[in-house]
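Asker: After the structure tokens below, expect a handful of questions from me.
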2 protein chains.
Amino acid sequence: MSASRTARERVRAELTEEITGLARRQLATEGAAGLSLRAVAREMGMASSAIYRYFASRDDLLTALIIDGYNAVGEAVERADAALPRDDHRGRWLAVCRAVRDWAVTHPHEYALLYGSPVPGYQAPEDTIGPALRDTAVYVRIVADAHAAGTLRPHEPGPVPANLEADLARARTTIGADLPDEVIVRALTVWAALFGTVSFEVFGQFDNVIGERAAYFDHTMGVLASFAGFPAEG
Amino acid sequence: MSASRTARERVRAELTEEITGLARRQLATEGAAGLSLRAVAREMGMASSAIYRYFASRDDLLTALIIDGYNAVGEAVERADAALPRDDHRGRWLAVCRAVRDWAVTHPHEYALLYGSPVPGYQAPEDTIGPALRDTAVYVRIVADAHAAGTLRPHEPGPVPANLEADLARARTTIGADLPDEVIVRALTVWAALFGTVSFEVFGQFDNVIGERAAYFDHTMGVLASFAGFPAEG
DNA sequence: AATCGTCAAGAGCAGTGCTCTCGTTTGATG
DNA sequence: CATCAAACGAGAGCACTGCTCTTGACGATT
């Protein structure tokens with residue numbers, strides 16, 4: 001019975017995948033605003049109304065693409081992290097940064113969908129917050145490993161404002177590592193700097209400013225890694 | 001004749017301004033994708049086709065809004081910078097950062113239009129690059145002032161990759177200040193970090209992560225200012 | 001006063017997301 | 001095996017979009 005039931009559900013899964021595939025192709029070429037349900041249906045030889053059997057709305061289709069995107073960047077980050085010895089914390093961090101940039105440069109529209117302006121009128125459902133944290137888990141693991149190994153260069157313990165303590169305490173519990181305030185703050189700062197740099201490149205702010213994009217990125221990430229506390233010359 | 005001619009051009013200028021005003025209001029509430037020429041025309045009591053006498057296309061209207069936005073953030077930054085004594089470099093820098101964030105938080109959709117995902121199919125014309133550099137000039141001036149005054153804490157002169165020299169040389173000529181490589185690189189890094197932090201807040205990446213947004217921002221900018229070389233305790 | 005350029009309005013085209021209905025197919029149940 | 005409900009695809013249609021083209025009126029210039 002599961003076989004026969006699977007027969008229907010299998011073609012459904014296949015069609016669903018074909019829709020997201022075509023949608024992703026269209027997203028890559030036209031951008032999020034150019035994603036048209038009718039165009040996808042046309043390419044599939046279906047009536048436009050039939051698409052709604054698989055995705056209740058255009059936003060639902062966008063959500064699927066967003067989840068796929070988060071998983072793609074998360075997987076790229078995980079792979080880059082796993083390729084290096086566990087105690088090479090600085091190397092892992094730099095590799096992870098490069099993985100984010102590489103993915104963003106090769107998938108600019110998908111990157112924009114994830115980290116650019118939120119699509120107006122679109123409210124990210126809860127299904128996305130899981131995959132959205134996949135890459136984050138890698139970052140915190142690297143910092144936590146370095147801190148546990150004692151290789152993280154200490155920062156001047158500049159006092160953190162008292163009203164940030166609640167946020168930092170919650171962060172400590174969610175990441176499950178007892179990192180000092182300054183380490184968390186610096187990690188957050190470098191995290192934002194990483195995506196700020198990538199966004200500037202992908203969104204065109206570096207046009208006519210920086211030509212050697214890869215070299216600049218690597219160099220900046222090195223400077224930021226030292227700032228985060230990863231000692232140079234790993 | 002110039003009076004009568006002006007009569008015509010004056011009402012034209014007034015109508016143009018009314019269009020951009022309504023468009024900006026619509027942009028603020030609905031976002032860039034929700035900006036509808038027909039809706040603007042409806043609110044003005046005009047036929048939709050009449051709008052095209054004033055803006056050749058929707059993209060043209062968007063361009064006008066983008067230029068206005070760059071000028072708005074540029075003006076906010078200039079005002080924040082001018083409010084402090086010229087030799088308080090760190091204070092000026094922090095004030096400028098706060099001005100950017102304040103403007104972004106109060107005008108999230110306009111910020112998204114400027115610094116978020118580029119509108120698909122929209123190619124920014126050359127008219128925008130002038131206003132787009134208005135805030136940048138302020139950042140550069142602050143760093144240059146601090147460097148000239150000798151108050152910029154020196155960084156370890158970590159060697160900059162050779163293939164970045166061309167970019168740095170061009171940057172030196174465009175800003176018209178002979179700053180060392182490391183200073184330029186750190187300034188660029190902090191620049192990207194500033195907008196990365198603001199984008200993370202405006203675009204929702206800090207949701208469920210940071211509650212005390214203003215306190216976190218100020219603290220991070222302080223850390224980054226020290227990183228850039230502005231000595232603490234100004 | 002006649003003219004000629006500027007302007008607003010209307011109709012219309014091609015496209016969009018989405019809904020509803022109407023047959024058909026499919027798969028589990030009596 | 002026959003039946004019946006759920007799932008499905010197609011089509012028409014609604015309200016909306018950006019944009020074009022034509023028509024007619026108004027106003028400044030010769």
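Asker: If a/c stays under 1.5 just call it rounded; otherwise compare a/b with b/c (prolate if a/b is bigger, oblate if not). Do that for chain A, with a ≥ b ≥ c from the square roots of the Cα gyration tensor eigenvalues.
Answerer: prolate
Asker: In the neighborhood of B:Ala144, defined by Cβ-to-Cβ distances under 14 Å, what is the net charge if each Lys or Arg adds +1 and each Asp or Glu adds -1?
Answerer: +1
Asker: Still on this model: With only Lys, Arg, Asp and Glu charged, each at its Cβ (+1 for the first two, -1 for the last two), find how big the charge dipole of segment A:13-102 is about the Cα centre; round to the nearest 20 debye.
Answerer: Magnitude of the dipole: close to 220 debye.
Asker: Moving on to the next point. How far, in whole Å, is the closest Cβ of chain B from the axis that maps B onto A, and which residue does it belong to?
Answerer: Looking at chain B's Cβ atoms against the axis toward A, the nearest is B:Gly196, 1.
Asker: So, one more: Evaluate peptide A:208-221: per residue, the Cβ atoms of other protein chains within 10 Å of its Cβ; return the mean as an integer.
Answerer: Values: counts 4, 8, 6, 5, 8, 1, 2, 6, 9, 0, 2, 10, 7, 1.
Whole-number average of other-chain Cβ neighbours for A:208-221 is 5.
Asker: A further question follows. Once amide H atoms are built 1.01 Å from N in the peptide plane, which residues 5 or more positions from A:Gly204, or in another chain, come under 5 Å H to H?
Answerer: Counting only residues 5 or more places away or on other chains, the set is empty.
Asker: Please compute the contact order of chain B in relative form: average sequence separation of alpha-carbon pairs under 8 Å and at least six residues apart, divided by the residue count, as a percent. All intermediate terms of the calculation are to be shown ahead of the outcome.
Answerer: Numbers: 179 pairs, mean separation 49.4, N = 234.
It comes to 21 percent, rounded to a whole number.
Asker: Quick one: label points 7 angstrom along Cα→Cβ at A:Arg134, distances to the other copies in nm, smallest first?
Answerer: Copy-to-copy label distances for A:Arg134: 4.2 nm.
Asker: Of the residues A:Ile66, A:Ile210, A:Ile184, which exhibits the maximal mean-square fluctuation in a Gaussian network model of chain A defined by a 10 Å Cα contact cut-off?
Answerer: Largest GNM mean-square fluctuation: A:Ile210.
Asker: By count of other Cβ within 10 Å, fewest leading, how are A:Ser226, B:Ser57 ordered?
Answerer: The order, fewest Cβ neighbours first, is B:Ser57, A:Ser226.
Asker: If I take R0 = 41 Å and measure r between the Cβ atoms of A:Tyr52 and B:Arg8 in this structure, what FRET efficiency does the formula 1/(1 + (r/R0)^6) give, to the nearest 0.05?
Answerer: 0.20
Asker: Still on this structure, please answer the following. What GluC sites (Glu not before Pro) does segment B:139-234 have in DSSP loop regions with at most 12 other beta carbons within 10 Å?
Answerer: Answer in residue order: B:Glu233.
Asker: Put the label 7 Å from Cα along Cα→Cβ for B:Ser48; what are its distances to the other copies, in nanometres, shortest first?
Answerer: Result for B:Ser48, in nm, nearest copy first: 1.5.
Asker: Now, a different point. Fully extended, how many nm does the chain gain between B:Asp102 and B:Arg86 (0.36 nm per residue separation, minus their Cα-Cα distance)?
Answerer: 3.6 nm
Asker: For peptide A:59-67, compute the average count of partner chain beta-carbon atoms within 10 Å of each residue's beta-carbon.
Answerer: Across A:59-67, the average partner-chain Cβ count within 10 Å equals 0.
Asker: Which one of A:Val11, A:Val202, A:Val96 has the biggest mean-square fluctuation once chain A is modelled by GNM with Cα springs under 10 Å?
Answerer: For chain A, modelled as a Gaussian network with Cα springs under 10 Å, the answer is A:Val11.
Asker: At a threshold of 8 angstrom on Cα-Cα distance, excluding pairs fewer than six apart, so keeping six or more, what relative contact order does segment B:157-234 reach in percent? If you can, show how the numbers build up before the last one.
Answerer: Values: 25 pairs, mean separation 20.6, N = 78.
Here the relative contact order equals 26 percent.
Asker: Note the distances from B:Pro161 to each other copy's matching label point, with points 7 Å along the Cα-to-beta-carbon direction, in nm, sorted shortest first.
Answerer: 3.7
Asker: At A:Ala215 and A:Ala28, where each label point lies 7 Å from the Cα along Cα→Cβ, what is the point-to-point distance in nanometres?
Answerer: A separation of 3.0 nm, rounded to one decimal place.
Asker: For a quick check: sort B:Asp178, A:Asp218 by the number of other beta carbons within 10 angstrom, fewest at the front.
Answerer: Ordered by Cβ neighbours within 10 Å, fewest first: B:Asp178, A:Asp218.
Asker: From the Cα gyration tensor of the protein assembly as shown, with a ≥ b ≥ c the square roots of its eigenvalues, which class applies: rounded if a/c is under 1.5, or else prolate if a/b is larger than b/c, or else oblate?
Answerer: Oblate, since a/c reaches 1.5 and b/c is not below a/b.
Laboratory data are not the source of any read-out in this text; all were calculated from the coordinates shown. None of these values were measured; they are calculated from a predicted model. Note that we place each Cβ from the backbone using ideal geometry, even for glycine, and neighbour counts take in every protein chain shown.
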